[in-house]
Amino acid sequence: MKKNSLKNNRKFYKKKKFKLPLAILIILITARLLLPFIVKNYVNKTLANIPGYYGHVDDIDISLDRGAYTIKDLYLNKVNAKTQVPFLNFPKSDISLEWKSLFKGSIVSEIIMYNPQVTYILEDQETTVNGEQAELDDWTTAITDLVPLEINHFEVHKGKVGIAQITTEPSLDLYMDNVEFYAENLRNVVENSNKLPSPISGSGVSIGNGNFNINGTINLIKTVPDLDIDFELTNASVTSINDFTRHYGGIDFEYGNIDVYGEIAIADSYLKGYIKPMLKDSKLIGKDDGILSTIWEGFVGLFKFILKNKNTKTLATKVPLEGDLSNVNAGIFPTIINIFENGWVKAFKTEIDKEIRFNDAKQNTKND
């Protein structure tokens with residue numbers, strides 16, 4: 001009797017009815033353990049096949065419970081680059097299913113990037129491989145292919161964007177630090193009759209500790225996106241761009257601030273907008289300048305003094321921009337007239353003018 005009982009109570013996994021479920025469970029567990037390595041190899045293979053670039057990913061974390069994976073330490077740079085500064089350096093990028101859109105019947109993704117850096121070294125990007133220049137579409141398409149679903153929500157936290165030229169003396173460097181950026185409804189999941197269904201907003205700290213802000217709406221569903229945005233850069237120290245002004249204009253500043261305001265609308269590849277730069281309380285000629293630099297800066301400073309608004313102490317102009325994206329024209333004559341208008345007629349407001357609308361660009365496409 002005891003013998004029969006032991007026989008009947010043999011280990012459950014030896015029973016036929018448990019063998020198939022147990023085998024499936026083992027396969028699933030094995031697949032789950034191997035999945036990060038499979039995805040990592042796929043990502044690294046994709047990066048390695050970008051013409052003219054090389055890239056690598058250190059690690060991939062998979063979170064099946066929330067339909068997400070995290071790419072860690074992705075970098076991308078040009079082959080034969082003159083520097084070792086990565087063009088793209090993404091320490092952590094979280095890519096996941098956007099659950100709230102799933103409940104609306106759309107399967108889309110959201111991306112949240114932490115501390116990403118994009119550094120455009122002019123000399124690096126000008127390098128060629130076998131005599132051919134790498135195309136922008138080559139790496140953007142490859143990076144987009146790393147996301148299995150269309151992107152509907154996008155965030156950036158503590159990012160940095162920079163552009164530099166290292167062969168000049170001194171080297172030239174522009175950057176935006178502490179970048180925060182948000183974009184919603186990029187695939188128009190929340191049905192919106194508005195021609196620009198996706199709101200965007202962003203902020204950052206520029207070279208010279210200026211405060212940068214951008215707001216607007218876009219339509220990314222089109223091949224060439226339509227958009228209506230405004231932006232402002234305020235209280236940036238003008239001395240921070242002395243390397244640029246000395247290199248390109250032979251002048252530098254002892255002190256002062258610069259503000260930049262602008263609006264841009266694009267409809268069907270036609271752009272209409274303006275940029276309004278304003279120098280505030282600035283002074284040319286540094287103490288360490290040589291005699292020739294001092295004479296030149298004094299000459300420029302005289303015109304600056306004549307054209308500066310005496311009440312607001314600003315030297316400003318407004319540069320109109322208009323035209324097809326392949327041939328945008330900056331109005332030179334209006335730009336010059338606007339310098340005199342600010343200095344002698346009426347000071348420009350230190351704010352966005354709120355005069356450009358999406359329909360302004362749209363109307364021009366109808367007239368063409």
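The length gained on full extension between Lys104 and Thr223, counted as 0.36 nm times the residue separation minus their Cα-Cα distance, comes to 40.4 nm.
Placing a pseudo-label 7 Å from each Cα along the Cα-to-Cβ vector at Ser269 and Val79 gives an inter-label distance of 3.1 nm. Summary of the geometry: the range 148-198 and the range 51-77, compared by the centres of their Cα atoms, lie 19 Å apart. Remark: His153, His56 ranked as His56, His153, counting other beta-carbon atoms within 10 Å and listing the fewest first. With the simple model of a label 7 Å out from the Cα in the direction of the Cβ, Ser171 to Ser193 spans 5.5 nm. One decimal place: the segment Ile306-Asp59 gains 82.9 nm when fully extended, by the rule 0.36 nm per residue minus the C-alpha distance.
In terms of distances greater than 27 angstrom between alpha carbons, the cross-link table entries Lys308/Lys354; Lys82/Lys160; Lys100/Lys354; Lys276/Lys310; Lys160/Lys362; Lys45/Lys92 yield Lys100/Lys354; Lys160/Lys362. Shown is the FRET efficiency for Phe37 and Asn178, computed with R0 = 45 Å from the Cβ-Cβ distance and rounded to the nearest 0.05: 0.80.
Counting neighbouring Cβ atoms within 10 Å and putting the fewest first, the residues Tyr270, Tyr114, Tyr75 line up as Tyr114, Tyr75, Tyr270. Using the Cβ-Cβ distance between Asn211 and Leu22 with R0 set to 45 Å, the FRET efficiency from 1/(1 + (r/R0)^6) comes to roughly 0.15. Between Thr140 and Lys283, the modelled labels are 4.6 nm apart [label points 7 Å from Cα along Cα→Cβ].
Stokes-Einstein diffusion for the range 36-367, with the hydrodynamic radius set to the Kirkwood value over Cα pairs and evaluated at 10 °C in a medium of 1.306 mPa s, equals 70 µm²/s.
In terms of other Cβ atoms within 10 Å, Phe348, Phe154 run from fewest to most in the order Phe154, Phe348. Consider all pairwise Cα distances in the range 180-256 and report the whole-number % of them above 17 Å. Percentage above 17 Å: 59.
Positive contributions from Lys and Arg (+1) and negative ones from Asp and Glu (-1), summed over other residues with Cβ under 12 Å from the Cβ of Gly210, come out at -2.
Read-outs: derived from the displayed coordinates by stated rules, not from any lab. Please read these numbers as outputs of a predicted model, since none were measured by experiment. With ideal geometry, Cβ positions are generated from the backbone for all residues, glycine too; neighbour counts draw on all protein chains shown.
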